[in-house]
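J.: My questions will all concern the structure given below.
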Amino acid sequence: MESFFSRNRNALVLITVLLAQVVGLATQVRSPGTSPSDKGGVRLIRAWVVGLVSPPERVLHSGGLGVRGVWTNYLDLIHVRQQNKNLQAELDALRLEEAGLAEDARQGQRLQALLGFREKYIYKTVAAQVIGTSGTEQSHVLFIDKGLKDGITADMAVITPDGIVGKTRDVFEHTSQVLEISDETSGAGVIMVNTRIQGVLHGNSWGQPQIVNLSPDDRIKAGEPVVTSGGDSIYPRGLAVGTVEKVVPDPEGTLVNVLLKPAANLEKLEEVLVITNAGDQMPAGMQQDLSDAQQRASEILAERLPSRADPNAPPVVAGQTGTGQVSGSAQTPPKLDNALPTPPPKPPLPIHPDRYSSTSVAPADEMVPGTAAGSAAAPAGAGTPQPTPPAEKKKPAPPPTGTEPKAVPKKPAAPVSEPQQAPPEQTAPQAPKPKPTEPQLPAPQQTPPTTTPPATTPQGRS
Amino acid sequence: MPLMASSRHEVGTRSYPFLIYVLTPVLALGLQSLLSLHFTFFDVIDLPLLVTIYYGITKREPMSATVVGAAIGIAQDALTHHALGIFGIAKSVVGYIAASLGVRVDTENHGTRLMLTFAFTLVQTAVLFLLQRHMLGQPVAWHWVHELIKAAVNALVGVVLFALLDQTRRRE
């Protein structure tokens, strides 16, 4: 017996080691529905190994960054001035674009509030350096240099400005493991931007993200952008995921899988952001940005418009520097205001002002909901005698002309409900700078469809 | 090409400073993790496997090579999100075979090392495939050409790496 063990000692050791590992594997592998978190012993082993490997990685990585920083920050500064100019021009263009998007965002917020939809906004992120990978083809994970000490916990979304990267999995003291969206065991709720088809994103065996188990649909085309749907309670809604590369049949059925080209460059990641705090309310900074966006865009437009230097532009009446509303009518004697060196562009005054003209209607915030514009103008205007001409005030009812009611511009009625719908907006009461008379009327769709004017309002610029 | 060991010198074990035994696996794991981040193609190279093979063919003790292979493999598993033991089992097998062959084969020869590393890389791939596909039931991508290229690259890198590690050998 003794000779058997001594003769086969090596093989017995091999069998023992293999058996021990097989048993260990069996205890770790769970059914798909159970939590993927590790038990204490396994987690301890992972923590030891990561603690052993990550410090040298951190040192090597920071050393490499230092060398690269010397090159990029001190030596390679060619064309920086030209690049700065280009970026400035791009910034101006983006501000204009931002104004339009801000309006859409406000509208979206109102609609979401109406529908009771709760969107997640990003409150706080933690920037982290990617210091390593798993080093194997089978496991698409990253290691970042932030951990529990930095407020990171498991299942936090990890993103870059280009798109999502993955989520945190195992979090240690100073290091975290990030499971990339290209891994087979990852998952994210996504939606296609154009077709609005929702699906679940997984990685495939070759490390490419794909939306799985979709019904065949001819509308899905290559190049269609895909964003997060927010349904997985990890990734906030609307973050870029990638673009459709191609549609392939699912090998196990009649469904199809949609292969994506990830928006974030998953193969060359250096810095990432971990979303550590997200909530339902829009952050104050974002609200302020939205409020400022339109104002900045107006200023840029005012600088660029030819009417700014147009000598034929209508004269500015003294005392009308507030919101840009032309409170006087055509009867007011024009008086040039030489104290304003750069008068903002003003819309032409109406040739035949009536009760539907912007110059004859009381400010929107003074109108009473449920009353017609004409009838509301009288009581509202009573409190503010300056904006409404006396001749208009005396008209208690709409004029009996048969042609005008079809072209009723109902825009002033919209802001009646607007301050209740979007109280955080702070632009309306401020308006400190002279602006074009285009009032901020973001919700014209709230007026009844039957009263929507087919013609343009008289405020349009010439 | 002399494949079989023909002298006592060829079958004798070698000794290395203790620090080498500790540092080499750690360095292999760290470099593997770091370089894969910056060079995507580095995924095909398996430095921990090469260290396991080198330990087996130079130490020529199947028992210790099995244990060392298991330890390196489990450490490699710990850096992934998979269950611990997949690489551990594969490297235990590789370490055992490498040490068993090291007694019979002249492992000083670069050509022999090239062929052994090529074969051991394929052995590890086969064990991993069996474990993941048939034991764990996970989908595994399999492409013969890719696996052969991977084995060839590892064999070439292994020859260079083994020559470097030979320099740390303790002179007797």
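Just so it is clear, none of the values below were taken in a lab; they were calculated from the coordinates. Treat the numbers as computed from the prediction; the structure is a model and nothing was measured. Glycine gets a Cβ as well: all are built from the backbone with ideal geometry, and neighbour counts include every protein chain shown.
J.: Got a sec to turn the phi values of the stretch B:69-77 into Karplus ³J(HN,Hα) couplings, 6.51 cos²θ - 1.76 cosθ + 1.60 with θ = phi - 60°, whole Hz, x for Gly and Pro?
T.: Values per residue, Gly and Pro as x: x, 5, 5, 5, x, 5, 4, 5, 4 Hz.
J.: Determine ³J(HN,Hα), in whole Hz, for all residues of the stretch A:85-98 in sequence, where each value follows from phi through the Karplus function 6.51 cos²θ - 1.76 cosθ + 1.60 and θ = phi - 60°; x replaces Gly and Pro.
T.: Values, residue by residue: 4, 4, 5, 4, 5, 5, 4, 4, 4, 5, 5, 4, 5, 4 Hz.
J.: Name the long-range amide H neighbours of residue A:156: under 5 Å, sequence gap of 5 or more, or other chain; modelled H, no Pro or chain starts.
T.: Here A:168 satisfy the definition.
J.: Can you give the translational diffusion coefficient of chain B in µm²/s, computed by Stokes-Einstein from the Kirkwood radius over Cα pairs at 37 °C and 0.692 mPa s? All intermediate terms of the calculation are to be shown ahead of the outcome.
T.: Working: Rh = 16.2 Å.
This corresponds to a translational diffusion coefficient of 202 µm²/s.
J.: If amide H atoms are built 1.01 Å from N in the plane of the peptide, which residues on other chains or at least 5 residues away come under 5 Å of the amide H of residue A:246?
T.: It is A:259, by chain and number.
J.: Rank these for me by crowding, A:48, B:144, A:71, going from fewest to most other beta carbons within 10 Å. All intermediate terms of the calculation are to be shown ahead of the outcome.
T.: Details: A:48 13, B:144 7, A:71 10.
The most exposed by this proxy come first: B:144, A:71, A:48.
J.: How big is the shadow of the Cα convex hull of the stretch B:95-141, averaged over all directions, in nm²?
T.: Values: hull surface 15.2 nm².
Mean orientational projected area (the stretch B:95-141, Cα hull): 3.8 nm².
J.: What FRET efficiency comes out for the pair residue A:8/residue A:252, r = Cβ-Cβ distance, R0 = 45 Å, nearest 0.05? Don't skip to the end; give the middle numbers.
T.: Working: r = 45 Å, r/R0 = 0.99.
Efficiency, rounded to the nearest 0.05: 0.50.
J.: Using Cβ contacts closer than 10 Å as the measure, can you line up A:186, A:215, A:54, A:205 from fewest to most? Don't skip to the answer; put the middle values down first.
T.: Details: A:186 19, A:215 10, A:54 24, A:205 14.
By the 10 Å Cβ count, ascending, the order reads A:215, A:205, A:186, A:54.
J.: May I pose another question? Which order results if B:162, A:172, A:5 are arranged by neighbouring Cβ count within 10 Å, fewest first?
T.: Numbers: B:162 22, A:172 19, A:5 9.
Ascending Cβ contact count within 10 Å gives the list A:5, A:172, B:162.
J.: Would you please classify the overall shape of the stretch B:59-147 from the alpha carbon gyration tensor, given that a ≥ b ≥ c denote the square roots of the eigenvalues, rounded means a/c under 1.5, and beyond that prolate means a/b larger than b/c while oblate covers the rest?
T.: Values: a/c = 2.55, a/b = 1.46, b/c = 1.75.
Oblate.
J.: Which cross-chain or sequence-distant (5 or more) residues have an amide H under 5 Å from the amide H of residue A:172, H modelled 1.01 Å from N in plane?
T.: Under 5 Å from the amide H of residue A:172: A:148, A:177.
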